[in-house]
Amino acid sequence: MKMSKEYDNYIKEHKDAVMKAYTWLLDNYDDVLEISKYPNLKVNLLNHDTSKYSDEEYDAYDKYFYGGNRSYAVVEEFRRAWLHHIHVNPHHWQYWVLVNDDPKEGTIALDMPDEYIIEMICDWWSFSWRSGDLSEIFKWYDDHKDRMILHEQTRASVELILTMIKYKLDEGGHEVEGD
C-alpha cells in the first residue's frame, strides 16, 4: 500500500472534524447524548473511518480522489472500496438496508441504533466544520434525503437531531474553532 500525504491529511482532518461535531453536540445537547446511554459512542467516533486505511479501501480512495485519473478501472476499484466501506461501518445508512432475494420482501430499511445515527450526523456535519459553514449540512441533507433508504424511526431521529442543531445555530451557537 502506497501512502499518500494528501489522502492521509484528508483522513486526519475528516476524523478531527467528526470529533468537533460530536464535541459541539455534547456541549450543546449533553442531555440528548447521555454518555452513559451510549458507552461505545466516543470509542466509535475515535475509531471513525479506520477502514479507510485498510487494503480494501486505501489505494482505491487515494487513486480516485488524489490520483488525477478517473479511468474505468479506477472508478470500479473505488466503487468496490466504497461498498466495503459501507458494509463495515454501521454509521452509514446503507449498512442498514436489507436487499432481499424474495421480491415479495423487497428492500427493507432497518432501524439504526441511536449511537450510529449520531455518528452518521457527525460524519455528514464534518464537511461543514471543514468549510467553516456549519449550516451546510441542512442543504446537503435536503439534497440527499429523498435517495436515502431509511427506516421511518431512523429518519425521524435524524430530522429531530438536525432540527435541534439548526435551533442552536440560529440562537448563535455556531462558533467554529479558530474564529
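Remark: the chain carries a charge dipole of roughly 440 debye about the Cα centre, counting +1 on each Lys and Arg Cβ and -1 on each Asp and Glu Cβ. Exposed loop sites, defined as trypsin sites (Lys or Arg not before Pro) outside DSSP H, G, I, E and B with at most 12 other Cβ atoms within 10 Å, are absent from the longest region of the chain, namely 105-179.
Taking square-rooted eigenvalues a ≥ b ≥ c of the alpha carbon gyration tensor, is the stretch 74-161 rounded, prolate or oblate, where a/c under 1.5 means rounded and, failing that, a/b exceeding b/c means prolate? Taking the square roots of the gyration eigenvalues as a ≥ b ≥ c, the stretch 74-161 is oblate. Among Pro90, Ile121, Ala60, whose Cα lies farthest out toward the positive end of the dipole of the chain, if unit charges sit on the beta carbon of Lys, Arg (+1) and Asp, Glu (-1)? After comparing all options, I get Ala60.
Rg and Dmax, both from the Cα atoms of the stretch 1-117 and both in Å, are 17.0, 48. Placing +1 on the Cβ of every Lys and Arg and -1 on the Cβ of every Asp and Glu, with no other charges, gives the stretch 49-108 a dipole of roughly 220 debye about its Cα centre. Largest GNM mean-square fluctuation among His144, His14, His91, using the chain with Cα springs under 10 Å: His144. In the elastic network of the chain, a GNM with C-alpha springs shorter than 10 Å, the most mobile of Ile161, Ile108, Ile149 is Ile108.
At a probe radius of 1.4 angstrom, the accessible area of the chain per residue rounds to 59 square angstrom. The HN-Hα couplings worked out from phi for the stretch 48-63 by the Karplus form 6.51 cos²θ - 1.76 cosθ + 1.60 (θ = phi - 60°) are 3, 6, 5, 5, 5, 8, 6, 4, 6, 10, 3, 4, 5, 5, 4, 4 Hz, whole numbers, x standing for Gly and Pro. Residues considered: Met148, Met120, Met112. Largest GNM mean-square fluctuation over the chain, using C-alpha springs under 10 Å, is found at Met148.
The values are calculated or read from the model by the stated rules, or taken from the named source; none is laboratory data. Every value quoted in this text rests on a predicted model; they were computed, and no experiment measured them. Positions of Cβ are backbone-derived with ideal geometry, glycine not excepted, and every protein chain shown enters the neighbour counts. All accessible areas refer to the heavy atoms of the entire protein, side chains included, with ligands and DNA or RNA removed. Shrake-Rupley method; radii C 1.70, N 1.55, O 1.52, S 1.80 Å.
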